[in-house]
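**Q** Below is one structure. I have some questions about it.
The values are calculated or read from the model by the stated rules, or taken from the named source; none is laboratory data. Since the structure is predicted, the reported quantities are computational estimates derived from the model, not experimental observations. Note that we place each Cβ from the backbone using ideal geometry, even for glycine, and neighbour counts take in every protein chain shown. Side chains are part of the model used for accessible areas, which takes the heavy atoms of the whole protein and leaves out ligands, DNA and RNA. Shrake-Rupley method; radii C 1.70, N 1.55, O 1.52, S 1.80 Å.
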Amino acid sequence: MTQKEFYKKVFALVIPMALQNLINVGVSATDVVMLGKVSEQVLSGCSLGGQVFFIFNLFLFGTASGVSVLTAQYWGKRDTDSIEKLLGIVMRLAVTAGLIFMLASFFFPARIMYVFTDEPEIIAEGVKYLKIIAFTYPMVALSMTYLNLIRSIERVLISTVVYGLSLLLNFVVNGILIFGLFGAPRLGIVGAAIGTLCARFLELAIMLFYAFFRNRVVRIRLSCFLHPDKSLFRDFLKYSSPVVVNEFMWGAGYSAIAAIIGHMGSSAVAANSVAQVMRQLATVVVFGIGSATAILIGKAIGENKQKEAELYAGRLIRLTVCFGLLGGLLVFLLRPLLIRGFGYTGVTASYMNSFLLMMSYYVVAHSINGTFIIGIFRGGGDTRFGMFLDSGILWGCSILFGFLAAFVWKLSVPAVYFVLLIDEIVKFPLCCIRYRQKKWLRNVTR
């Protein structure tokens, strides 16, 4: 491809995925904005209760990203039979995990909430939320796994449609049930949970219709679900399990960070909730670029075009730097508007100002490292390095020293937050070294 054709191809993938990321952020932002108008405790209960879904979501993203290491390269060979077998393997794992998360959230919600906070009011609100959200996990397991996997075969528009309609339904139901509009009961956090449940059911219904009646390229086969291909399952374990472990450990790490912040009071939790939504908003484009990078590089390697894969990687890193800087600038400029918009004062406003300021530089490093690890290294089959780098530095640096800063050294809340965000700065030079070594250029297909 010429450079013009290349960027046309990139943005044909990036724009729908960026819109999908934006829509997913919109779901979180809807809950944060609406519940923030109810009370700090309700917002904190939803935010901390949502950490369970955050971990589950990352497990699903990990399995889908892990299997995409194989599917993108098999797509380069146009081997759809192997892709369908891989789809059966990953769906089986996802549904099993969904059932486990559902049972844990429904039967032990108070114990889960106690991990994140010891404030009784927040725990009580989180329990209400978790007992309803529990039923969404099996539905999300099916819909998200399928939609993420077919992105590897360059079918990205359907995800945007599904999540767009889901956001619209979630917004409407949330507004009616949280605030009691049009004669409906005023349910608060329970209304937010019901809105999410309705949205997840709609996602599953549209996905099943598309899978069985519209997508003729890659089908869901019951035989592949019930009887996994042994050789492909071994390949999945070899190349995908590091990604699954990486995402799960990364998600558990972020939940550990949320737990550390949760034990520093509701003001810190509320400020962090806004900062995390802004992080997601500022990185919607760059993580679309990261996903597109994995697809394009995996496909090129599957076609035995290693030189093209190397060329694409360089172009996509430059593109990521531009959008990463724009994302960081967005967080920095919107900081005063957000503080005034939420109406927080005193300690909460001070925390939010500090958190958003630190988030503005964090977004830049987070964006570039994301394209390296999620895009280039995974697309090329170099999954173990990403696992050790992501998980090792998060747990061995940010969480370890963040815990010490909060509970042993008794530093101020902004100082603890700074330590908790240090991992992306440490990872950046190590990613650059690995990229220049070119050890990520691997063909992993049979």
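**Q** Magnitude of the Cβ-charge dipole of the stretch 122-246, K/R +1 and D/E -1, about the Cα centre, nearest 20 debye?
**A** Rounded to the nearest 20 debye, it is 280 debye.
**Q** Further, regarding this structure: Find the relative contact order for the chain and round it to a whole percent, using C-alpha pairs within less than 8 Å whose residues are 6+ positions apart.
**A** The value is 23 percent.
**Q** So what's the net charge close to Val42: Lys and Arg +1, Asp and Glu -1, counting the other residues with Cβ under 11 Å from its Cβ?
**A** For residues surrounding Val42, the net value is -2.
**Q** What lysines sit close enough to Lys305 to cross-link, taking a C-alpha to C-alpha distance under 22 Å and skipping anything fewer than 8 places away on the same chain?
**A** Qualifying lysines at Cα under 22 Å: Lys4, Lys8, Lys9, Lys77, Lys438, Lys439.
**Q** Something else about it: Suppose the Debye formula is applied to equal point scatterers at every Cα of the stretch 28-128; what is log10 I(q)/I(0) at q = 0.13, 0.17, 0.25 Å⁻¹?
**A** -0.61, -0.80, -1.22
**Q** Run the quick spin-label model on Phe213 and Thr80: label points 7 Å from Cα toward the beta carbon, then report their separation in nm to one decimal.
**A** Here the modelled spin labels are 2.0 nm apart.
**Q** A follow-up question, please. Give the residue from Phe418, Phe403, Cys431 lying farthest towards the positive end of the charge dipole for the stretch 400-439; charges sit on Cβ (+1 for Lys and Arg, -1 for Asp and Glu) and the dipole is referred to the Cα centre.
**A** Cys431
**Q** To the nearest µm²/s, what D does Stokes-Einstein give for the stretch 321-446 at 25 °C and 0.890 mPa s, using the Kirkwood radius over alpha carbon pairs as Rh?
**A** Value of D from the Cα-based Kirkwood radius: 151 µm²/s.
**Q** Another question, then. Among Leu204, Val269, Val244, which residue has its Cα positioned farthest towards the positive end of the charge dipole of the stretch 191-341, with +1 placed on the Cβ of Lys and Arg, -1 on the Cβ of Asp and Glu, and the dipole taken about the Cα centre?
**A** The one lying farthest along the dipole's positive direction is Leu204.
**Q** Sum -39500 (n - 2.57) across every DSSP H segment of at least 4 residues in the chain, then divide by the residue count to get the 222 nm mean residue ellipticity, nearest 500.
**A** It comes out at -27000 deg cm²/dmol, rounded to the nearest 500.
**Q** Let me ask you something else. So what J values fall out for the stretch 214-228 if you push phi through Karplus, 6.51 cos²θ - 1.76 cosθ + 1.60 with θ = phi - 60°, rounded to Hz, Gly and Pro as x?
**A** Karplus-based 3J(HN,Hα) across the stretch 214-228 equals 10, 8, 9, 7, 10, 10, 7, 10, 4, 4, 6, 6, 7, 10, x Hz.
**Q** If you don't mind, there's one more thing I want to ask. Rounded to the nearest 10 Å², what accessible area does Leu142 have for a 1.4 Å probe in the complete protein model?
**A** 50 Å²
**Q** Tally Lys and Arg at +1 and Asp and Glu at -1 over the other residues with C-beta under 15 Å from the C-beta of Leu356: what net charge comes out?
**A** +3
**Q** So, with a 1.4 angstrom probe, what is the percent of accessible area on the stretch 58-167 that is carbon and sulfur?
**A** Accessible surface attributable to carbon and sulfur in the stretch 58-167 totals 70 percent.
**Q** So what's the projected area for the stretch 267-360, the Cα convex hull averaged over all directions, in nm²?
**A** Mean orientational projected area (the stretch 267-360, Cα hull): 6.4 nm².
**Q** Using only the alpha carbon atoms of the chain, find the Kirkwood hydrodynamic radius as the inverse mean reciprocal pair distance, in angstroms to one decimal.
**A** 22.1 Å
**Q** So, one more: Run the paramagnetic zone check for Ser231: 7 angstrom along Cα to Cβ, then residues of the stretch 55-84 with backbone nitrogen under 12 Å.
**A** Within reach of a label on Ser231: 82.
**Q** Treating the beta-carbon of each Lys and Arg as +1 and of each Asp and Glu as -1, no other charges, what is the dipole magnitude of the chain about its Cα centre, to the nearest 20 debye?
**A** It comes to approximately 1360 debye.
**Q** What is the dipole size for the stretch 192-314, taken about its Cα centre, with +1 at each Lys and Arg Cβ and -1 at each Asp and Glu Cβ, in debye to the nearest 20?
**A** Dipole magnitude for the stretch 192-314 comes out near 380 debye.
**Q** Give me the one-decimal nm value for the distance between modelled label points at Asn353 and Lys307, 7 Å along each residue's Cα-to-Cβ direction.
**A** 5.7 nm
**Q** Place +1 on the Cβ of every Lys and Arg and -1 on the Cβ of every Asp and Glu in the chain, take the dipole about the Cα centre, and give the residue among Met139, Val42, Ile373 whose Cα lies farthest towards its positive end.
**A** Ile373
**Q** Shifting gears a bit: In straight Cα distance, which lysines are under 27 Å from Lys37, not counting same-chain residues fewer than 8 positions off?
**A** Straight-distance partners of Lys37: Lys128, Lys131.
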